[in-house]
Amino acid sequence: MGQRNDEELTNLLNHLMRDWENEVVEFKEGGKGYSTGEIGQYVSALSNEANLRDADSAWLIFGVKDRSRRIIGTEYRQNAEKLQRLKHEISDGTEPGITFRNIYELKHPEGRILLFEIPPAPRGMPIAWNGHFYGRAGESLVALSLDKLDLIRVQESAFDWSAQTVPDATIDDIDPEAMRFARQAFTERHAPRISAEEVESWSDEDFLRHLGLLNARGLTRTALLLLGKPQVFALLSPLMAEMTWKLVGQEEAYEHFQPPFILNTTRLYQRIRNIKIRLMPPGELIQREIEKYDQQTVLEALHNCIAHQDYRQHARIVVTEYPDRLEFISQGGFVEGSPDEFALKGHLPKRYRNPLMVQAMTELNMIDHLGYGIERMNRSQASRYLPLPDYDLSDPNEVRLTIYGSVVDESYTRMLMLKSNLPFEDILALDRVQKHQPIPATTARRLRRQGLIEGRKPNLYVSEAIANATGTQAEYVRARSHSNEYYISLVLDYLRQYGNATREQLNDLLYPAFVNNLTEEQKSNKVKNILSSMRTRGLARNEFAGRSSIWYPNEEGSSTNVSKVSD
């Protein structure tokens, strides 16, 4: 359960008992049915106090009698699996989610001892248990006082990780190509106020000082991340100064990208398979081709990951390419506001996790620090008739962004083509409907009055009237899944990208997209019917290799109107 042996644990226990209880150590008898809720309160209190006292860890000890300071042993969760499950239970109840760094079990001669090691609260982020902040007053568990709460909260604004200098880093650690690119980007942003000639007249040191990346103490972490040579990875250790592209599908691959990030974000983008996809506008006979992903949208997403990553978590930024979407994962939750606020209003943040990083990337034309980046990504996807980006914030210490490269619901796409004057608020809500995500009751009533949606919550869907108006002859039901047009587009996209696929690979592609209440047999039959329909329409063909069926795209047939294929 930990990395310390019995001798080390005994010495640790003796040391903690000698100093007895203080704000970062608590002893309990820890009976068999000790309340998880009370444990959670102590985790909140001890973690917050460890932060304020700059302690490496706080400790909750079970098996010691509080008043007599005598070891009596504990019967709490003697099953190892149940004991480890407590980590998950604590993580679920704390906000932001933390849990024990380790749970140590010591078989002491006088009884079984449990030592729960609790990490300090992150800088600027007090820990709550079930919505309440706890602290210590001597040996007592109390509500965290307002002055302590403020002391923790101002830490983030008083400390800028990205502005800290790096010992031993010199101007020789800056990549010359990255520096040339940065000068060009800076010139473009500030023209004509600052001329290209003036920027070129600055020495490298002067240019870095203009960006705030070099000061009297040396080069900052931001300077090395954005402009440093790949070798600065060692200077930044144990920081994980890395972005990773990962391909998932019939083919699998990955590549790591280290500094300079100002150049390597574009190189990562070039690894993404950005093929053309086809859409049929209403009333037109010729399909429209668009790129699967908009380059500006992808780079905006990646640059946001770099700007707002919590680098103290020692984790890399990961971009995963699936057949129909891209997923971006960065560490650190939203510091302020919500994705919808940025998408609808261009929310202007009042603070940032990495102020210097944000400022430098703004000066280098990499991001928009006025809060319009997310709004631009959403409007770009809508203008290309594709689903809007999705943000998953279920983990308070992580942001997952999904950018779609395929149609989810054909009727939604056709609705955007037909009704190009829709308010963006309605587009955002209809996007949620097509993904079977909840929307506010007031929004649902407004869309229903406009004839844009049908059904009853939670089974809302884009209106059948819209489908008929755009020529989509799909069968709508009250709790329908995606239309067959979506599944066919997904298969064609996959076949064009990888050349061919087995039935098993197509099962793996389509099964996750089906509604959950289908049995395995129903899913298998649905795939069979989809492929049979594609073969009949001339969209795809299959050949047998032994007992396996290999499917190939029929390029001549694939140019036909996919929307005419019915269930």
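Some notes on this structure:
- Of all the listed residues (E398, E375, E410), the sole one being charged (D, E, K, R) and at pLDDT 85 or above is E398.
- Pairs, first assigned by TED's automatic domain parsing to the domain that holds Y494 in the stretch 535-548, second surrounded by 15 or more Cβ atoms within 10 Å (Cβ to Cβ) and part of a loop (DSSP other than H, G, I, E, B), C-beta under 6 Å, six or more apart: R537/V565; G538/N554; L539/N554; A540/N554; R541/N554
This table checks each residue for (1) assigned to a helix (DSSP H, G or I); (2) exposed (fewer than 12 other Cβ atoms within 10 Å of the Cβ).
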{"position": "F27", "(1), (2)": "no, no"}
{"position": "G31", "(1), (2)": "no, yes"}
{"position": "Y34", "(1), (2)": "no, no"}
{"position": "E38", "(1), (2)": "yes, no"}
{"position": "A50", "(1), (2)": "yes, no"}
{"position": "A55", "(1), (2)": "no, no"}
{"position": "Y76", "(1), (2)": "no, no"}
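- Of the residues making up the stretch 99-122, those that are surrounded by fewer than 17 Cβ atoms within 10 Å (Cβ to Cβ) and in a loop (DSSP other than H, G, I, E, B) number 3.
- Checking M377 against (1) over 24 Å from V319 (Cα atoms); (2) within 23 Å of the chain's Cα centre (by Cα); (3) buried (at least 17 other Cβ atoms within 10 Å of the Cβ), the condition it does not meet: (1)
- Subset tally (residues that are buried (at least 22 other Cβ atoms within 10 Å of the Cβ) and within 16 Å of N264 (Cα to Cα)) for the stretch 318-332: 1
- Failed item, numbered, when D92 is tested on (1) buried (at least 19 other Cβ atoms within 10 Å of the Cβ); (2) free of Cβ contacts under 8 Å to residues at least 40 places away in the same chain: (1)
- Hits in the stretch 242-255 (condition: surrounded by 13 or more Cβ atoms within 10 Å (Cβ to Cβ) and touching a residue at least 60 places away in the same chain (Cβ under 8 Å)): E242, M243, T244, W245, K246, L247, V248, G249, Q250
- Residue in the stretch 533-542 that is farther than 23 Å from I427 by Cβ, of a type in the set (S, T, Y) and at pLDDT 90 or above present: no
- Of the candidates H314, H303, the single residue that is over 12 Å from the mean Cα position of the chain (by Cα), of a type outside the set (D, E, K, R), assigned by TED's automatic domain parsing to the domain that holds R400 and at positive phi is H314.
- Some residue of the stretch 165-172 being touching a helix residue (DSSP H, G or I) at 6+ places or on another chain (Cβ under 9 Å), part of a strand (DSSP E or B) and surrounded by 14 or more Cβ atoms within 10 Å (Cβ to Cβ): yes
The values are calculated or read from the model by the stated rules, or taken from the named source; none is laboratory data. The structure displayed is predicted, hence computed values, not measured ones. Note that each Cβ is placed from the backbone with ideal geometry, even for glycine, and that neighbours are counted across all protein chains shown.
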